[in-house]
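Scroll down for the structure; my scribbles are underneath it.
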Amino acid sequence: DAQDMAGLTRRAEQAARAAVDAGGARHKFFDEALNARANDRVRLETELRHAIQAGQLCLHYQPKVDAPSGRLVGAEALVRWQHPQRGLITPGGFIALAEECGLIAPLTDWVLDAACKSLRCWSDHGLPTVPLSVNLPASSLADARLPQQLDGLMRHYRLDASCLMLELTETMVMRDVAAAIGVLDSLRAMGFGLSLDDFGTGYSSLSCLKRLPMSELKIDRAFIHDVARGGRDGALAAAVITLGVELGLNVVAEGVDTQ
């Protein structure tokens with residue numbers, strides 16, 4: 001597989017990484033397909049670093065609609081990468097890479113700034129503003145500068161904190177509940193909305209949910225896909241909605257595509 005020790009080591013590392021990515025507790029042999037994927041990953045990482053600085057990222061806005069009235073009550077900011085050669089790349093194609101190579105922080109900074117800039121622009125044009133939801137990565141809860149950064153954005157764009165809904169996945173909050181509650185309490189005190197994303201897909205602890213200062217609960221699309229058929233999916237969705245309402249939370253269903 002290689003003519004020198006350095007090359008052999010690199011290929012062994014690629015095979016080991018492939019074994020880990022496949023779930024661990026297994027082995028993989030190196031082949032040229034692994035090498036091609038590794039080279040593509042390195043190239044994509046370099047291109048992503050450039051994209052953040054070169055204005056290749058953009059936000060798409062997914063509407064949040066009130067079910068009884070059909071009224072627009074919010075939107076979720078979703079980042080896309082307009083790659084000059086590969087075309088429009090959705091988050092599934094680069095968010096995991098950004099987390100692995102240490103680019104998730106500058107990427108999140110860009111998304112937060114772009115979302116606030118949009119809110120300011122819409123308001124300046126006389127459009128009614130609705131709260132924008134922004135996904136935060138797991139590393140955000142360990143970032144001591146987050147509250148100060150958000151406060152700075154509110155001041156710079158002359159926005160009220162209630163304009164921003166910060167989404168955190170259930171899994172990331174549950175990693176260290178005590179630490180998460182401290183950060184979330186300070187953000188809620190500043191006026192930001194807090195949404196618990198992907199509810200029901202991870203380790204759902206109702207005792208922890210009771211303690212978390214959330215304002216919104218999102219039902220994962222996995223439970224919504226077949227909800228119209230009733231059965232277990234319908235029962236689970238109904239139970240989560242009832243739970244959210246009883247806890248005083250707004251409830252959002254992801255992936256609703258039909259009337």
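Being touching a His at 6+ places or on another chain (Cβ under 9 Å) and under 21 Å from PRO137 (Cα atoms) holds for only one residue in ALA96, ALA51, and it is ALA51. Which of the residues spanning region 60-82 are under 19 Å from the mean Cα position of the chain (by Cα) and either buried (at least 19 other Cβ atoms within 10 Å of the Cβ) or among the small types (Gly, Ala, Ser) (or both)? Within region 60-82, LYS64, GLY74, ALA75, GLU76, ALA77, VAL79, TRP81 qualify. Annotation note: Cβ proximity below 7 Å between a residue of region 68-93 that is in contact (Cβ under 8 Å) with a residue 24 or more places away in the chain and a residue that is β-branched (Val, Ile, Thr) and open to solvent by 50 Å² or more (accessible area, probe 1.4 Å) (sequence gap 6+ or interchain) occurs for LEU72/VAL65; VAL73/VAL65.
The set of residues in region 115-139 being buried (at least 20 other Cβ atoms within 10 Å of the Cβ) and assigned to a helix (DSSP H, G or I) consists of ALA115, CYS116, LEU119. Test ASP143 against the stated conditions and say whether it is free of Cβ contacts under 8 Å to residues at least 60 places away in the same chain, within 30 Å of SER123 (Cβ to Cβ), open to solvent by 30 Å² or more (accessible area, probe 1.4 Å) and over 18 Å from the mean Cα position of the chain (by Cα). No, not satisfied. Restricting GLY231, GLY255, GLY248 to residues that are in contact with a Ser or Thr (Cβ under 9 Å, 6 or more places away or on another chain) and open to solvent by less than 80 Å² (accessible area, probe 1.4 Å) narrows the list to GLY248. Filtering region 206-228 to residues that are farther than 22 Å from VAL65 by Cβ and open to solvent by less than 80 Å² (accessible area, probe 1.4 Å) leaves SER207, CYS208, LEU209, LEU212, PRO213. Scanning region 7-59 for residues that are open to solvent by less than 60 Å² (accessible area, probe 1.4 Å), touching a residue at least 24 places away in the same chain (Cβ under 8 Å) and not polar (S, T, N, Q) yields ARG11, PHE30, ALA38, LEU44, GLU45, GLU47, LEU48, ALA51, ILE52, LEU57, CYS58, LEU59. Among the numbered conditions (1) open to solvent by less than 20 Å² (accessible area, probe 1.4 Å); (2) out of contact with any helix residue (DSSP H, G or I) (no Cβ under 8 Å at 6 or more places or on another chain); (3) not basic (Lys, Arg), the only one that ALA98 does not meet is (2).
Yes or no, residue by residue, for (1) in contact with a Lys or Arg (Cβ under 8 Å, 6 or more places away or on another chain); (2) modelled with pLDDT under 90; (3) among the basic types (Lys, Arg):
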{"residue": "ASP21", "(1), (2), (3)": "no, yes, no"}
{"residue": "LYS28", "(1), (2), (3)": "no, yes, yes"}
{"residue": "ARG43", "(1), (2), (3)": "no, yes, yes"}
{"residue": "LEU59", "(1), (2), (3)": "yes, no, no"}
{"residue": "LYS64", "(1), (2), (3)": "no, no, yes"}
{"residue": "VAL73", "(1), (2), (3)": "yes, no, no"}
{"residue": "VAL79", "(1), (2), (3)": "no, no, no"}
{"residue": "ILE104", "(1), (2), (3)": "no, no, no"}
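Look at GLN3 and say whether it is in contact with a strand residue (DSSP E or B) (Cβ under 9 Å, 6 or more places away or on another chain) and open to solvent by 50 Å² or more (accessible area, probe 1.4 Å). No; evaluated as a whole, the condition is false for this residue. Condition first: more than 17 Å from ARG145 (Cα to Cα), surrounded by fewer than 22 Cβ atoms within 10 Å (Cβ to Cβ) and of a type outside the set (A, V, I, L, M, F, W, C). Can you find one or more residues in region 179-187 that meet it? No: region 179-187 contains no residue that is more than 17 Å from ARG145 (Cα to Cα), surrounded by fewer than 22 Cβ atoms within 10 Å (Cβ to Cβ) and of a type outside the set (A, V, I, L, M, F, W, C).
The values are calculated or read from the model by the stated rules, or taken from the named source; none is laboratory data. Quantities reported herein were computed from a predicted structural model and do not represent experimental measurements. A quick note on method: Cβ atoms are made from the backbone with ideal geometry, for glycine too, and the neighbour counts reach across all protein chains shown. Note: accessible area is taken over every heavy atom of the protein model, side chains too, but ligands, DNA and RNA are not part of it. Shrake-Rupley method; radii C 1.70, N 1.55, O 1.52, S 1.80 Å.
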